[in-house]
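Everything below concerns the one structure shown next.
The values are calculated or read from the model by the stated rules, or taken from the named source; none is laboratory data. Note that this is a predicted model, so its numbers are computed, not measured. Glycine also receives a Cβ, built like all others from the backbone with ideal geometry; neighbour counts cover every protein chain displayed. Please note that ligands, DNA and RNA were not included when accessible areas were found on the heavy atoms of the full protein model with its side chains. Shrake-Rupley method; radii C 1.70, N 1.55, O 1.52, S 1.80 Å.
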Amino acid sequence: QVQLVESGGGLVQAGGSLRLSCAASGSIFSINAMGWYRQAPGKQRELVARITSDGSTNYVDSVKGRFTISRDNAKNTVYLQMNSLKPEDTAVYYCNADILSSWLPEYSYWGRGTQVTVSS
């Protein structure tokens with residue numbers, strides 16, 4: 001069984017910073033792309049940041065210059081450093097990873113989410 005577990009969410013004041021982590025565990029052969037999505041109340045889920053296995057990244061325009069995605073392949077972990085947080089960043093943040101397991105075809109896995117709340 002493959003599992004993604006997020007951590008690092010919480011309550012922070014506007015202008016502050018948080019660092020999210022997502023660790024993949026289980027029968028993993030390789031991990032392709034990894035990313036962070038978020039969903040605010042009453043809104044659709046959106047891609048926040050994505051990173052490929054070779055380190056290429058992309059971001060939604062609203063977080064460019066403020067957020068940085070990175071990964072540690074040895075630890076099967078992806079991070080999201082969030083700086084200069086704004087109230088509109090408040091959402092549940094979900095980790096996503098495309099994983100080839102030891103016995104199953106490549107599949108897109110999701111974590112259960114971590115709440116980020118930014119107060120004004």
Exercise. Return yes or no: is Arg71 crowded, with 20+ Cβ neighbours inside 10 Å and modelled with pLDDT of 95 or more?
Key: yes
Exercise. Residue by residue through the stretch 25-59, note down the ones that are polar (S, T, N, Q) and in a strand (DSSP E or B).
Key: Ser25, Ser30, Asn32, Gln39, Thr57, Asn58
Quiz item: Considering only residues of the stretch 76-103 that are outside any strand (DSSP E or B) and modelled with pLDDT under 95, which is surrounded by the most Cβ atoms within 10 Å (Cβ to Cβ)?
Solution: Ser102
Practice problem: Being modelled with pLDDT of 95 or more, over 17 Å from Thr52 (Cα atoms) and open to solvent by 40 Å² or more (accessible area, probe 1.4 Å) is the filter here, so list the residues in the stretch 104-120 that pass it. | Solution: Arg112, Gln115, Thr117, Ser119
Quiz prompt | Single residue of Gln39, Gln44, Gln81 found to be closer than 14 Å to Leu18 by Cβ and not aromatic (Phe, Trp, Tyr) | solution = Gln81
Practice problem: Within the stretch 4-24, work out how many residues are in contact (Cβ under 8 Å) with a residue 60 or more places away in the chain, assigned to a strand (DSSP E or B) and either of a type in the set (Asp, Glu) or open to solvent by 40 Å² or more (accessible area, probe 1.4 Å) (or both). | Solution: 6
